[in-house]
Amino acid sequence: MMTIRHSAVALGFAALIATSTFAGAATVSITDSRGQQFQIEHPVKNVAIFPLPIPEAMIAIDGGTERLLAINPRAQAALMKGVIGQLFPEIAKIRTDLVAPNFIPNVEEILKAGPDVVLQWQAKGDERVAPMENAGIKVATVSTESRETRRGYITMLGQILGKQERAQAFLDWEDKTVKDISSVLAAADRKRPRIVFIDSMNDNEFVVFGREEAYFAASGLVNAATEAGFTEGSVKVGAESLLQWNPDIILVNYYNDTIKPADILGHPVLASLDAVKNARVYKTPAIDPATAAGGELAYQWFAEIGYPELFDTDMRKAVLDGFKFLYGKELTDAQIDQLMQMDWNASSAGYANSFGAAK
């Protein structure tokens, strides 16, 4: 059995920015996910971030919340329910009135607050970006549609914050994780497990991830919905689709705190699925795979779930070391349990033995 161990990679400097000096202020050229270039004056005093997963990356890169002016109210609620909110309780005091939960900006309040830059989703730019830019607000767009765009916003955050070395260290860590997983899978030459990733459910209707996310591919998993021809981030399907696809594994998004693996395992229509019969239904860890700052831990978790016979990582130590590297904080066993969804996954095949405190 081959073992992959987490290790924090050495910091590497990448000369990613061009700077010039005007009246004592360093001006940095930034390129956002649209390919649009603009200038940021250093030192940056404050940043507003409206997309949900990005604040965690900024906190990790910047070493705290001091320059995080505003976030989405949904992001604040999710963070305060989880371990990040325990590590940084001051998140509860960050402003949430500059953007609606659906990412529509409050232009009047943004102008009053005066952030140096606002990070916003690239998608639906006419509704989410244009009103701010029309008012003269500096907006940098982000996208998480691919591994490249996620890495792009980590690089951009490093540039904005003047923490390029720190941002590059996260990208190096991700590269190493993906390379290590790939080498194990290539040597084993196993059939890739087919998954369904459930975002929400209502009786016999399910919202699932439709496209082949980069973190599925990096961990050797195949999205059954993509096989069926879907390409959207989220799609609504009926139980009959899941029965037709018959996935090996079902994953439940940690962002949805209303669905338990037990709800799938006990679903009256899904009993014939291989994933249900084998109890291979798992709540994903409370670590966002869509960020290149910490998503490496989720990549490894997906590989462990997909190929328990190939990987034997001490995930609890990996999470402990990873959070110390990311946030400079020491986790308790209870916090690791919370991140690893030990309660939610109590009835899932092999989970307690693989990821519990007493192995």
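The values are calculated or read from the model by the stated rules, or taken from the named source; none is laboratory data. None of these values were measured; they are calculated from a predicted model. Reconstructed Cβ throughout: ideal geometry from the backbone, glycine too, with neighbour counts over all protein chains shown.
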Looking at the structure I just gave you, is residue 352 out of contact with any helix residue (DSSP H, G or I) (no Cβ under 8 Å at 6 or more places or on another chain), hydrophobic (A, V, I, L, M, F, W, C) and not in a loop (DSSP other than H, G, I, E, B)? yes
Residue count, the range 259-310, condition within 15 Å of residue 201 (Cα to Cα), charged (D, E, K, R) and surrounded by fewer than 24 Cβ atoms within 10 Å (Cβ to Cβ), comes to 2
Checked the range 324-359 for anything in contact (Cβ under 8 Å) with a residue 60 or more places away in the chain and under 21 Å from residue 257 (Cβ atoms); matches are 331, 335, 338, 339, 341, 344, 345, 347, 348, 351
Hits in the range 171-194 (condition: free of Cβ contacts under 8 Å to residues at least 24 places away in the same chain and either of a type in the set (Gly, Ala, Ser) or crowded, with 20+ Cβ neighbours inside 10 Å (or both)): 183, 186
Report the residue count in the range 45-77 for those that are closer than 22 Å to residue 111 by Cβ, of a type in the set (A, V, I, L, M) and modelled with pLDDT of 95 or more. 8
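Looking at this structure, is residue 160 in a loop (DSSP other than H, G, I, E, B), farther than 25 Å from residue 283 by Cα and not assigned by TED's automatic domain parsing to the domain that holds residue 283? Working first, answer last.
Values: in a loop (DSSP other than H, G, I, E, B): no; farther than 25 Å from residue 283 by Cα: yes; not assigned by TED's automatic domain parsing to the domain that holds residue 283: yes.
Judged against the criteria, residue 160 is not a match.
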Considering only residues that are part of a helix (DSSP H, G or I) and among the aliphatic types (A, V, I, L, M), which ones fall in the range 258-296? 262, 264, 265, 275, 276
Kindly indicate the residue of the range 199-258 that is surrounded by fewer than 15 Cβ atoms within 10 Å (Cβ to Cβ) and β-branched (Val, Ile, Thr) and also farthest from residue 82 (Cα to Cα) among those meeting that condition. 231
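Please determine, by comparing only the residues of the range 219-255 that are of a type in the set (Ser, Thr, Tyr) and either more than 17 Å from residue 202 (Cα to Cα) or touching a helix residue (DSSP H, G or I) at 6+ places or on another chain (Cβ under 6 Å) (or both), which one is modelled with the lowest pLDDT. Steps first, answer last, please.
Within the range 219-255, the subset of a type in the set (Ser, Thr, Tyr) is 219, 226, 231, 234, 241, 254-255.
Retained after the next criterion (residues that are either more than 17 Å from residue 202 (Cα to Cα) or touching a helix residue (DSSP H, G or I) at 6+ places or on another chain (Cβ under 6 Å) (or both)): 219, 226, 231.
Values: 219: 95, 226: 97, 231: 91.
By that ranking, first place goes to 231.
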Residue set 127, 205, 145, 213; condition of a type in the set (D, E, K, R), under 27 Å from residue 99 (Cβ atoms) and assigned by TED's automatic domain parsing to the domain that holds residue 304; output residue 213
If you check residue 255 against the conditions, is it outside any loop (DSSP other than H, G, I, E, B) and among the aromatic types (Phe, Trp, Tyr)? no
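Take the range 319-335 and flag every residue that is closer than 29 Å to residue 154 by Cβ and surrounded by fewer than 21 Cβ atoms within 10 Å (Cβ to Cβ).
320, 321, 324, 325, 327, 328, 329, 330, 332, 335
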When you scan the range 105-125, how many residues do you find that are within 11 Å of residue 50 (Cβ to Cβ) and in contact with a Phe, Trp or Tyr (Cβ under 9 Å, 6 or more places away or on another chain)? 5
Quick one: in the range 44-82, which of the residues that are more than 16 Å from residue 255 (Cβ to Cβ) and without any contact (Cβ under 8 Å) to a residue 60 or more places away in the chain is surrounded by the most Cβ atoms within 10 Å (Cβ to Cβ)? 70
